[in-house]
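In what follows, a structure is listed as structure tokens, so that the remarks can point back to it.
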Amino acid sequence: MNQSAEELNKVEKKDLFTSGHRACGGCGQALAARLVQDASGENTIACVATGCLEVFSSPYPDPSWRIPFLHSLFENASAVASGVEAAYKALKKGPVNIIAQGGDGSTADIGFQSISGMFERGHNVLYVCYDNEAYMNTGVQRSSFTPLGARTSTTPMGNKTRKKNMPLIAANHGIPYVATATVDDFRDLQRKVKTALSIEGPKYIHILAPCPLGWGHHGELTVEICRLAKDTGLFPIYEIVDGKMTNVKKIPVKVPVQEYLKLQGRFSHLFKKGGSPEIIAEIQQIANQNIERYNL
Amino acid sequence: MEKLPLGLVLDLRKVVPYKTGSWRTLMPINIAHTPPCNNACPAGNDIRGFLRVLAEKKDYEQAWHILTRTNPFPAVCGRVCPHPCEGGCNRRDFDEPLAINCSERAVGDYGLENNLQHKKLIDTRKEKVAVIGSGPAGFSCAFHLAKRGFQVKIYEANSEPGGMMRYGIPSYRQPNYILKQEIDNILRLGVELECNVKVGVNIPLDQLRNEYDAVFLGIGAQKGLSINIPGKDAENVFTGVEFLRQVNTGKWVELGNDVVVIGGGNTAMDCARVAKRLGANVSIVYRRTRMEMPAITAEIDEAMEERIMFRYHTNPVKLILDEGRVVGLLCVQMELREPDASGRARPVPISGSEAFIPAETVIMATGQAVDYDGIEIQTADKQWIYTNEYLMTNMEGVFAGGDAVVGLETVSLAIGQGMRAASAIEDYIEGNKESELSQPPVVYSRELNTYYYQPVKRYEKEARSIHMRLKGFKEVYPAFDQDDIISEADRCFSCGLCYDCGNCYMYCPDNAVQKSKTTGFYEFDYDFCKGCGLCAKECPCHYIQMTLEK
Ligand SMILES: Cc1cc2nc3c(=O)[nH]c(=O)nc-3n(C[C@H](O)[C@H](O)[C@H](O)COP(=O)(O)OP(=O)(O)OC[C@H]3O[C@@H](n4cnc5c(N)ncnc54)[C@H](O)[C@@H]3O)c2cc1C
Ligand SMILES: Cc1ncc(C[n+]2csc(CCOP(=O)(O)OP(=O)(O)O)c2C)c(N)n1
Ligand code: SF4
Ligand SMILES: [Mg+2]
């Protein structure tokens, strides 16, 4: 499938992921999921791991999905997608877009081995990670994508570790396409989904998806927060095509990390009296390292 | 046995979705807010409206019709208006305000070049209104009444219509043929005009009150005021309006070499620049400094460019005469002390600083007053005509507006007053209660999401060279390029009105913003909108507002 630049840049709204789901107001994951399905189109099978997205969008009898949707377990979305792909091959059906999707918990932690296996076996599947930086569906527990300093129900004093770098881990499987995206730039996000689906083999897209409930911000700030995540350098935007990093999004005006942190309740303890300026400094250091490393 | 399908099979067509709209506490609504430019425009122009039509449709004709809904003089105002709209423009907090005044001129000129005509709203009705004075106030009132079908007749004391637009403002700023065409367009609505009739002198006001259902007084302030110093009545001493009137009627005024203009307002600048074009050396004498000058900055700058000398802190105390003609002024130097009631620094003479300034002509551009000759009417502060808030004077059925009411103001304010008076007159004749004008709230910069706008350089008009300017009375600013003005209009933020960026539609996590199949506008699906406010936050122009759930 070779698409023109014009087709790739076209914004898609097809209502394949519809109203009535139970996500919180302003949920970044609900927005991301709609953008992904609308970019992919009708000829798509979604294999979704347990997590907020699966729970809020699929209750019987009124799911939001207007495409085939499979949910099995928390840990096995990639294994299910691999099976679907193998079945299509065996039945000589297709082509069809198969998108395995899961939260950060399912991607970084419990579903990690099944993703790694899918990549290693070379299935023609796109994996989309909706990264909201904790296990939201069960009450905001820490995951290995939870950033330094963030308060979760299992890190009430703030998370002590840095975030696992999943896009680079995915890329190191030698898969042909890896990209990062955020929900504020819907054109870029949809272009990446369409680009990925035009490539044969395993693909990985990592989408930052703010969670108003877990991050402690008002739903109206979802887009603004994504923008700040990029402009601080905390969430670099790039693509890795055949092992080469390209399309690194330059930061127009660099913003100090405080601007990003202070909008979110999960970081508020850092700013309180007796807070942790050293943690803020370390977060700034992470941003600086990203800026240098990715040449943002 | 009946073969059942494996698992549960759901027919999506029968599904009734769960209405998450019931969660909402705040609801988004679309409101066409008032942009600050419109709010600041004394003529009440829909500035955003005409700029957006230029930007989105490149349609000069529709832009002209939008402007002339309120203002029948876009080509004149596009040249002479001090454009408070630009001072209000929200873009000033982002990069630079829109060049609204230039855009207005381009649209006004397009209308004239293409012979666009006003349309009547109501064909005819029997009631008659007399308008006294054919300045912008009178013409605006006549225009709006004629559009609503009234029989209107204008009485004008001068031999030509236009008021100060004709006899005050010099033609290098506002050429006569432009004014004439815009006036002709108004007359084509069926407005009658009789010149050389001074109401109160040639015809009593009461006669008009009897003959007409209502009367509008737009008589301006025709009398030039001079300062009361010895020698002021010499024959080569003029008031500013008197001098400009003579030049504007095509009379040759013998100025001699040295001309001194007294005053710091726009009339002083005009007099000085006209005298310069007639070949004199000109200086302006002003009691305070440039900071306190009431003239528009651009006018002062242009006068300076034209090498007019400015003498600040200088106050004439006496005109020196020789055989009944002025030969110079005796002036005293002033120093500025604590501000007076007007808020401007108070000038106080420095003793022993008297100096002589030679002059062959002195022009006193030091104020104007209403000419009440034969018109007995209640005044406010013994100066300007008193009106109530619906612009009716103390005389039943006699309305007034423009400079004669508000003091020395602007063409656009006179136009706005004429329009307001027209609707008050309509209400009066129809016996309606005066309609309250209400407008939606104004949008300010902080309510916009400027992330979605890019900095773009403002259009700057280009003046002719000083040399060319001083050669005669050619317009200082030649015509603008139409495409440049369209690009300029494209800078407009469209404050308070949707311009179809699609953010609300794309960002709604609940898919609760839909594009109407009939109107093409974005609509909220309140069955599913959870009221998160993301759409309102990301709406660049503050068209969406969150309100309390009803
Ligand atoms: C030199 C000069 C420069 C100016 N420059 C600018 C500028 O650049 N921009 C700007 O916005 N404004 C400018 N102004 C101000 C502007 O011209 C006035 O505010 C505006 O014209 C007022 O309009 P009006 O209709 O109230 O009165 P006018 O324009 O004064 O018109 C009044 C009319 O009524 C007629 N009239 C008076 N008495 C009678 C009577 N008894 N019977 C019949 N007719 C009568 C007069 O002859 C006149 O034609 C300038 C003014 C002057 C003097
Ligand atoms: C094997 C297993 N362990 C635990 C759970 C409980 N569980 C359901 S969703 C979830 C968290 C999901 O987190 P994440 O993948 O980040 O998705 P999110 O809800 O944050 O979108 C957990 C722990 C489960 N369903 N299965
Ligand atoms: S940006 Fe446009 S609509 Fe907004 S104030 Fe300026 S001119 Fe008016
Ligand atoms: Mg999560």
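Against the conditions (1) buried (at least 21 other Cβ atoms within 10 Å of the Cβ); (2) within 14 Å of chain B (Cβ to nearest Cβ), where does A:Pro252 fall short? Just the number, please.
Unmet for A:Pro252, out of (1) buried (at least 21 other Cβ atoms within 10 Å of the Cβ); (2) within 14 Å of chain B (Cβ to nearest Cβ): (1).
Check B:Asp527, B:Asp510, B:Asp500 and return the single one that is within 14 Å of another protein chain (Cβ to nearest Cβ) and buried (at least 20 other Cβ atoms within 10 Å of the Cβ).
B:Asp510
Do we find that A:Ile67 is among the β-branched types (Val, Ile, Thr), open to solvent by less than 50 Å² (accessible area, probe 1.4 Å), assigned to a strand (DSSP E or B) and away from ligand 3 (no atom under 16 Å from the Cβ) in this structure?
Details: among the β-branched types (Val, Ile, Thr): yes; open to solvent by less than 50 Å² (accessible area, probe 1.4 Å): yes; assigned to a strand (DSSP E or B): no; away from ligand 3 (no atom under 16 Å from the Cβ): yes.
So A:Ile67 fails the test.
Which of the residues spanning region B:358-383 are more than 30 Å from B:Arg311 (Cβ to Cβ) and either surrounded by 19 or more Cβ atoms within 10 Å (Cβ to Cβ) or in contact with a Ser or Thr (Cβ under 6 Å, 6 or more places away or on another chain) (or both)? Break it down into steps so the answer makes sense when it comes.
Within region B:358-383, the first condition is being more than 30 Å from B:Arg311 (Cβ to Cβ), and the residues that meet it are B:370-382.
B:Val370, B:Ile375, B:Ile377, listed by residue number.
State yes or no: is B:Thr393 over 21 Å from the mean Cα position of the chain (by Cα) and β-branched (Val, Ile, Thr)?
yes
Can you tell me which residue in region B:513-524 is farthest from the other protein chains (Cβ to nearest Cβ), limited to those that are of a type in the set (S, T, N, Q) and open to solvent by less than 70 Å² (accessible area, probe 1.4 Å)?
My answer is B:Ser516.
Can you tell me which condition A:Tyr130 does not meet? The list is (1) within 13 Å of ligand 4 (Cβ to nearest atom); (2) away from every other protein chain (no Cβ under 14 Å), and all the others hold.
Exception for A:Tyr130: condition (2).
Go through the residues of region A:55-63 one by one and say whether even a single one is more than 13 Å from chain B (Cβ to nearest Cβ), among the hydroxyl-bearing types (Ser, Thr, Tyr) and away from ligand 3 (no atom under 16 Å from the Cβ).
no
Do any residues in region A:16-42 that are open to solvent by 10 Å² or more (accessible area, probe 1.4 Å) and modelled with pLDDT of 95 or more have Cβ atoms under 6 Å from those of residues that are part of a helix (DSSP H, G or I) and among the aromatic types (Phe, Trp, Tyr), where the two are at least six apart or on different chains, and which pairs are they?
A:Arg22/A:Phe56
What helices (runs of 4 or more DSSP H) lie completely within region A:211-296 and have 2 or more residues being closer than 22 Å to A:Leu35 by Cα?
A:212-215, A:222-232
Please indicate, with yes or no, whether at least one residue in region B:169-191 is closer than 30 Å to B:Ala295 by Cα, in contact (Cβ under 8 Å) with a residue 40 or more places away in the chain and touching a Cys at 6+ places or on another chain (Cβ under 7 Å).
No; the residues of region B:169-191 include none that is closer than 30 Å to B:Ala295 by Cα, in contact (Cβ under 8 Å) with a residue 40 or more places away in the chain and touching a Cys at 6+ places or on another chain (Cβ under 7 Å).
Which number in (1) touching a residue at least 24 places away in the same chain (Cβ under 8 Å); (2) touching a Leu at 6+ places or on another chain (Cβ under 9 Å); (3) open to solvent by 10 Å² or more (accessible area, probe 1.4 Å) marks the one condition that A:Lys160 misses?
Condition not satisfied by A:Lys160: (1).
Residues of region B:268-282 being open to solvent by 40 Å² or more (accessible area, probe 1.4 Å) and part of a helix (DSSP H, G or I), which ones? Lay out the reasoning, then the answer.
Narrowing region B:268-282 to residues open to solvent by 40 Å² or more (accessible area, probe 1.4 Å): B:278-279, B:281.
Those that are open to solvent by 40 Å² or more (accessible area, probe 1.4 Å) and part of a helix (DSSP H, G or I): none in region B:268-282.
For A:Ala196, indicate whether it is away from every other protein chain (no Cβ under 14 Å), within 28 Å of A:Gln3 (Cβ to Cβ), in contact with a strand residue (DSSP E or B) (Cβ under 7 Å, 6 or more places away or on another chain) and open to solvent by 10 Å² or more (accessible area, probe 1.4 Å).
no
Of the conditions (1) outside any loop (DSSP other than H, G, I, E, B); (2) within 15 Å of ligand 3 (Cβ to nearest atom); (3) open to solvent by less than 10 Å² (accessible area, probe 1.4 Å), B:Ala75 satisfies every one except a single condition; which number is it?
All conditions are met except number (2).
Out of the residues in region B:85-100 meeting the condition of being surrounded by fewer than 18 Cβ atoms within 10 Å (Cβ to Cβ) and part of a helix (DSSP H, G or I), tell me which one is nearest to ligand 2 (Cβ to nearest atom).
The initial filter retains those residues of region B:85-100 that are surrounded by fewer than 18 Cβ atoms within 10 Å (Cβ to Cβ), namely B:87, B:92-96.
Keeping just the survivors that are part of a helix (DSSP H, G or I) gives B:87, B:92-93.
Values: B:Gly87: 50, B:Arg92: 44, B:Asp93: 39 Å.
My answer is B:Asp93.
Hey, B:Val201 hits all of (1) assigned by TED's automatic domain parsing to the domain that holds B:Gly138; (2) modelled with pLDDT under 95; (3) of a type in the set (A, V, I, L, M, F, W, C) but one; which does it fall short on?
(2)
For region A:84-129, give me each residue that is more than 16 Å from ligand 2 (Cβ to nearest atom), farther than 20 Å from A:Asp242 by Cα and either part of a loop (DSSP other than H, G, I, E, B) or open to solvent by 40 Å² or more (accessible area, probe 1.4 Å) (or both).
A:Ala86, A:Ala87, A:Tyr88, A:Lys89, A:Ala90, A:Leu91, A:Lys92, A:Lys93, A:Gly94, A:Pro95, A:Val96
Could you please let me know if B:Arg245 is at pLDDT below 95, more than 22 Å from the chain's Cα centre (by Cα), of a type outside the set (A, V, I, L, M) and open to solvent by 50 Å² or more (accessible area, probe 1.4 Å)?
So B:Arg245 fails the test.
Inspect all residues belonging to region B:205-225 and state whether any of them is within 26 Å of B:Ile375 (Cα to Cα), of a type in the set (Lys, Arg) and open to solvent by 10 Å² or more (accessible area, probe 1.4 Å). Lay out the reasoning, then the answer.
Quick first cut of region B:205-225, residues within 26 Å of B:Ile375 (Cα to Cα) only: B:205-225.
Now narrow it down to the ones that are of a type in the set (Lys, Arg): B:209, B:223.
Checking which are open to solvent by 10 Å² or more (accessible area, probe 1.4 Å) leaves us with B:209, B:223.
Within region B:205-225 (the criterion being within 26 Å of B:Ile375 (Cα to Cα), of a type in the set (Lys, Arg) and open to solvent by 10 Å² or more (accessible area, probe 1.4 Å)), the answer is yes, since at least one residue qualifies.
The values are calculated or read from the model by the stated rules, or taken from the named source; none is laboratory data. Values in this document were obtained by computation on a predicted structure and should not be read as measured data. Here the Cβ is made from the backbone with ideal geometry for all residues, glycine too, and neighbour counts use every protein chain on show. With ligands, DNA and RNA removed, areas are computed over all heavy atoms of the protein, side chains included. Shrake-Rupley method; radii C 1.70, N 1.55, O 1.52, S 1.80 Å.
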